[in-house]
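No value in this document is a laboratory result; all are computed from the given coordinates. Just so we're clear, the structure is a prediction, and the values are computed from it rather than from any experiment. Cβ coordinates were reconstructed from backbone atoms using ideal geometry, including for glycine residues, and neighbour counts include every protein chain displayed.
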Amino acid sequence: MTSEDEAAERFSRTLRENLMSELHMGHRDREVALPSIRRVAGTTGLDHRVVASVYHALAAEGLIEVRDRAGMYLATMAQGGGSPESDEARWVARLLADARGRDLRIPELADLIRGHTCARPVRCALIESTLDYSFLIGTELRDGFGLTTQIVDPATVTIGGDRPAQLGQLPAALRHADVIVATAFHAPAASVAARVAGRPLLLVTMNRAVTKTLEHHLLQGPVTVICEDTGFADRQRALYSNSLRDRLGFVLAADAPAVAAVDRSHPVFLTRAAHHRLGDIAPLAFPPGSPAFSPASIRDLAGTLVRLNTQPPS
């Protein structure tokens, strides 16, 4: 064996030991490239072909991986396993990894989650005046969060005009609720109800993703929305500027002749409540597959759900 061969053997052995040590101890970030072949050759005095052969031998052993035009990196240790294919499965994998990072036992995780979310029924009073938003938000609260939800008319929160009702005069759904939910449109009545009933209040906001499709079409021209009540139509019109508002038309789902006469040369959408009545006669204005609430409202509701399940009922 020549002196060059001996030097290459020493370099290979030292590099292998260092990499194994760094892998085992977690000292090296896998996303930080290893020193280049040229740099190693310059610092060790070895021929660059020798350094390259050592790197490729280590890659064959699974210690490092060669990324095209990006250099050499420590290899991912989950060889042959790979990542789950679906987004849902990848999310579960991240959840499990985070749980173990917190020293939680994965076989006990399902019971832990149930204990924090389903230990007892959580009663929710949704203060809402329109059928379409009641259906949209109520379905999300029931199906998405598992809350036992009742709809409350905001008019029942006041008596004698604007004078707030006393506790005994509030609807039973408000008196017995664990949490009160409303949108900004009913914030005044909801605030009164929460204060009188002594219950937490969450003002939910809508997910931007469920409204941008409608806005996109409004920028192009007229749009018709089939809905359940005129209150929803009035509220939607108030959300847009005059130029877009004039392009937005509404038809009540219960008006069969009007539904049949809708001009299909322009985009037509259904609210989820109208879809429940009419079926798939047009796309949904609030598409399925996306939560109805904004990420901030989802975090608020999730936190409230966990808190109410982990503290004694009041």
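How high is the relative contact order of region 208-278, in percent, counting Cα pairs under 8 Å that sit 6 or more residues apart?
About 42 percent, as a whole number.
In whole Hz, with x marking every Gly and Pro, tabulate ³J(HN,Hα) for region 89-100 from phi via Karplus 6.51 cos²θ - 1.76 cosθ + 1.60, θ = phi - 60°.
5, 5, 5, 4, 4, 5, 4, 5, 5, 5, 4, 5
Which trypsin sites (Lys or Arg not before Pro) in region 83-159 pass both tests, a DSSP loop state and at most 16 other beta-carbon atoms within 10 Å?
Taking region 83-159 and a limit of 16 other Cβ atoms within 10 Å, the loop trypsin sites (Lys or Arg not before Pro) found are 102, 105.
Roughly how many debye, to the nearest 20, is the charge dipole of the chain about its Cα centre, given +1 on each Lys and Arg Cβ, -1 on each Asp and Glu Cβ, and no other charges?
Once rounded to the nearest 20, the dipole reads 740 debye.
With viscosity set to 1.567 mPa s at 4 °C, what whole-number translational diffusion coefficient in µm²/s follows for region 208-278 from Stokes-Einstein and a Kirkwood radius over Cα pairs?
D = 105 µm²/s.
Divide, for region 3-74, the radius of gyration over alpha carbons by 2.2 N^0.38 Å, where N is the residue count.
Scaled against compact globular proteins, the figure is 1.05.
Run the numbers for residue 65 and residue 13: contour at 0.36 nm per residue of separation, minus the present Cα-Cα distance, in nm.
17.0 nm
Work out the length of the dipole vector of region 3-74 about its Cα centre, built from +1 on the beta-carbon of each Lys and Arg and -1 on the beta-carbon of each Asp and Glu, and round it to the nearest 20 debye.
For this selection, approximately 240 debye.
I'd like the orientation of helix 48-60 relative to the chain: the angle between its Cα long axis and the longest Cα principal axis, in ° from 0 to 90, rounded to 10.
Tilt of helix 48-60: around 50 degrees.
Excluding the sites themselves, what is the longest stretch of the chain that contains no GluC sites (Glu not before Pro) in a DSSP loop with at most 16 other C-beta atoms within 10 Å?
86-314
Out of residues 5 or more away from residue 181 or on other chains, whose amide H comes under 5 Å of its own, with H placed 1.01 Å from N in the peptide plane?
125, 126, 127, 202
Pop out the ³J(HN,Hα) list for region 120-137 in order, Karplus 6.51 cos²θ - 1.76 cosθ + 1.60 with θ = phi - 60°, rounded to Hz; leave Gly and Pro as x.
Values, residue by residue: 7, x, 9, 8, 10, 9, 9, 8, 7, 9, 9, 5, 5, 6, 4, 5, 4, 6 Hz.
Over the Cα atoms of region 138-238, what radius of gyration and what Dmax do you get, in Å?
16.3, 51
Lys/Arg Cβ at +1, Asp/Glu Cβ at -1, dipole of region 3-74 taken about the Cα centre: which of 20, 60, 72 is farthest positive-ward?
The residue sitting most towards the positive pole is 72.
With θ set to phi - 60° and the Karplus curve 6.51 cos²θ - 1.76 cosθ + 1.60, what are the ³J(HN,Hα) couplings of region 267-278 in order, to the nearest whole Hz, using x for Gly and Pro?
Per-residue couplings from phi come out as x, 10, 10, 10, 6, 5, 5, 5, 5, 4, 7, 9 Hz.
Tell me, 297, 36 in order of fewest to most beta-carbon neighbours within 10 Å?
Neighbour counts put them in this order, fewest first: 36, 297.
At a Förster distance of 45 Å, what's the computed FRET efficiency of residue 215 paired with residue 156, Cβ-Cβ distance as r, to 0.05?
So the FRET efficiency works out to roughly 0.85.
Under the definition of Cα pairs under 8 Å and six or more residues apart, what whole-number percent is the relative contact order of the chain?
It rounds to 15 percent for the chain.
Sequence-distant or interchain residues sharing an amide H contact under 5 Å with residue 71, placed H: which?
Those lying under 5 Å, H to H, from residue 71: there are none.
Determine, from the Cβ-Cβ distance of residue 244 and residue 22 and an R0 of 45 Å, the FRET efficiency 1/(1 + (r/R0)^6), rounded to the nearest 0.05.
Efficiency for this residue pair is about 0.15.
In debye, nearest 20, what is the charge dipole magnitude of region 208-278 about its Cα centre with +1 on Lys and Arg Cβ and -1 on Asp and Glu Cβ, if you could check?
For region 208-278, the charge dipole is close to 260 debye.
What's the FRET efficiency of residue 142 with residue 230 using the Cβ-Cβ distance as r and R₀ = 35 Å, to the nearest 0.05?
Efficiency, from the Cβ-Cβ distance: 0.90.
So for the chain, what are the equivalent ellipsoid semi-axes in whole Å, largest first, each being the square root of 5 times an eigenvalue of the Cα gyration tensor?
Ellipsoid semi-axes (Å, largest first): 60, 28, 16.
To the nearest 10 degrees, how steeply does helix 187-197 sit against the main Cα axis of the chain, on a 0 to 90 scale?
On a 0 to 90 degree scale, this one is about 90.
Farthest toward the dipole's positive end in region 208-278, which of 239, 216, 257, given Cβ charges of +1 (Lys, Arg) and -1 (Asp, Glu) about the Cα centre?
216
Taking H as built 1.01 Å from N, whose amide H comes closer than 5 Å to the amide H of residue 64, not counting residues under 5 places away?
Amide H neighbours of residue 64, under 5 Å, 5+ apart: 59, 75.
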